[in-house]
Amino acid sequence: MSAPLERIKPVRNSVLPGQTTPEQRFWRSYKTPLLVKEHGAITHINFCPSGTHDFAVTSGARVQIFSARTRQVLRTIARFKDTAYSGEFRPDGKLLVAGDATGLIQVFDTKSRSILLTLSPTNQAIHVTKFHPKTLTTLLSGSDDQTLRLWDITSSEPTSVFKSHTDYIRAASFLSSSSDNVVTGCYDGLIRIFDPRTPDEPTLSLSHGAPVEAILPLTGTTILSSGGPSVKVWDLVAGKMVKELGNFQKTVTSLHTGGNSGSPGGANAVLAGGLDGHVKVFDTTTWEVKFGWKFGDAVLATASSPDQKHFVTGLSSGVLSIRTRKTEPRVKQGVKQTKSGNFARMIRGADYKGDKEHQILIDDERRSRRKKLRLFERHLNAFRWREALDAAFVPGMAPELTVTVLDELKRRGKVRISLSGRDEGQLEPLIKWAVRNIGDFRNVEVVADWMACVSGMYGSVIEKSPVLDELVSELRRKLTRQIEIAREARQLEGMLEMLIQSH
């Protein structure tokens, strides 16, 4: 008894590198943008760290709280006499603090919008207000009177006052959740680290080289600062800059962490927005740009929600852009019955196949042997080599199957037999295929083997045929170009190796 004839296994080409990275696909998933027009420039955006992650948008003389579920305004706090600045939630989401251009600091109840505390330390604009990440009764404020203050909301007097600045304070933050140390960015171009126990002088000063617009502590020992068209990364232990990101054309106004460690694309990401209308995503491991958006106006504020659902940007024109990423569907709590009781009774017994002794067992191997063979498989099984080669170039043939036929004929040693007795019209499909695929490194070896046989057997036919001669000339040009590209790539690789060794 003869063995069953095995089917030809198609060639599986190596998978080419993806055109987009997982990080790009993650940030690109922020779709369904909602544009909201505010009355003034949007200067600050802050997400509530707890609960449903509603977000506060500071614009003009009011702070609006948007719902993270509906993306609509939940509450409007408009109890300001002048332009409001830096509306920030407390970590538990129950309170919200904001400053204004008259020098007032107001603490609001986020549910009732009532004013719980009013502080008036100065008559100049207060641009920075922020609660401590862990100590719920501590907040800081920075103003245009060149003074940073720490407050306990149970008292009307500041607990610490830092007066070492020589210009406006536009950026400030607590260095970490485990300490009361603060970091400030000033328009005098200096970044200062303060310990509340010694408020007279900063424990560390770093020169950014331009008016500092934003400060972002990454860890207890690493911070980012933005000012001018650059973002700088600082190592506080070494007291020096470790990286400068000059990917912007105009001043960088906003910095924000991309997300938590549980998100595939937001982990190890920093968002930076600038007056050139760009928001760029930097990878904190390599500090390379992974993704970016372009907006029609200058970007003044940008933020993403802790659960990575919303990405919000505020523009100088007063336009608020809210982009939402689709989340995974919820798991079904129970199986819903889709058929009525009458229908179930009607089809009762439809799955009954009879008793086991009455069932006919079908051999899976026989069933698989009855599968319809492809055209080129039938020709190969019948030893029709020329017809098998012609079947490789029929319209609609998958590229992998064409390579499969050419490899199979080569493996069986029937290349010359399948090419014999051909005229100009019968050679043209093969040469056209070679011209199209010479640029794919996965098919170079197959193209070289078959074209060598064609040129050896039909050199005189190609010289007499204008069509074939033009195709071969085009193949030669493409091959020369590929050789030049390979040579340039090799030279570039050598230069990169020299640069790496020199460092």
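The values are calculated or read from the model by the stated rules, or taken from the named source; none is laboratory data. Computed from a predicted structure; not experimentally measured. Backbone-built Cβ (ideal geometry, glycine too); neighbour counts: all protein chains shown. To get the accessible areas, we keep the full protein, side chains included, count just its heavy atoms, and leave off ligands, DNA and RNA. Shrake-Rupley method; radii C 1.70, N 1.55, O 1.52, S 1.80 Å.
Quick rundown of the values:
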| read-out | value |
| --- | --- |
| 18 Å Cα-Cα reach of residue 94 towards aspartates and glutamates, excluding residues that sit fewer than 8 places from it in its own chain | 54, 109, 152 |
| Over 24 Å (Cα to Cα) - which of 81/309; 250/290; 163/243; 163/280; 31/232 fall in this group | 81/309; 163/243; 163/280; 31/232 |
| Rough spin-label spacing in nm, given labels placed 7 Å along Cα→Cβ, for residue 198 and residue 114 | 4.5 nm |
| Student exercise, segment 127-264 dipole from Lys, Arg, Asp, Glu Cβ charges, in Debye to nearest 20 | 380 debye |
| Amide hydrogen neighbours beyond the local backbone of residue 269, cut-off 5 Å, H modeled | 258, 259, 284 |
| For residue 85, distant residues with modelled amide H under 5 Å away | 99, 100 |
| Amide H within-cut-off set for residue 116, under 5 Å, with H built and near neighbours excluded | 107, 108, 109 |
| Probe 1.4 Å, accessible area per residue of segment 171-325, Å² | 37 Å² |
| Rounded percent of accessible protein surface that carbon and sulfur make up, the chain, 1.4 Å probe | 52 percent |
| Helix 444-457 vs. the chain, principal-axis angle (Cα, 0 to 90°, nearest 10) | 30 degrees |
| Cα shape, segment 71-162, gyration tensor, a/c 1.5 rule | oblate |
| FRET efficiency for residue 449 and residue 221, using Cβ-Cβ distance with R0 set to 56 Å, rounded to 0.05 | 0.40 |
| Per residue accessible area of segment 9-95, 1.4 Å probe, in Å² | 54 Å² |
| Added length on full extension, which subtracts the Cα-Cα distance from 0.36 nm per residue, residue 394 to residue 416 | 5.9 nm |
| FRET efficiency, 1/(1 + (r/R0)^6) with R0 30 Å, evaluated for residue 237 and residue 20 via beta carbons | 0.25 |
| Relative packing of peptides 410-416, 80-86 - highest average C-beta neighbours within 10 Å first | 80-86, 410-416 |
| Angle in degrees between helix 424-437 and the longest Cα principal axis of the chain, rounded to the nearest 10 | 20 degrees |
| Rounded to 10°, Cα long-axis angle of helix 466-502 versus longest principal axis of the chain | 40 degrees |
| Computed magnitude of the charge dipole of the chain (debye, nearest 20; Cβ of K, R +1, Cβ of D, E -1) | 2700 debye |
| Residues listed by number, segment 188-228, amide nitrogen under 15 Å from residue 152 label point at 7 Å toward C-beta | 196-197 |
| Contact order relative to length of segment 37-191, as percent, for alpha carbon pairs under 8 angstrom and 6 or more apart | 13 percent |
| Burial ranking of peptide ranges 238-249, 276-287 (average Cβ count within 10 Å, highest at the top) | 276-287, 238-249 |
| Mean residue ellipticity (222 nm) of the chain, computed from DSSP H runs ≥ 4 via -39,500 (n - 2.57), nearest 500 | -7500 deg cm²/dmol |
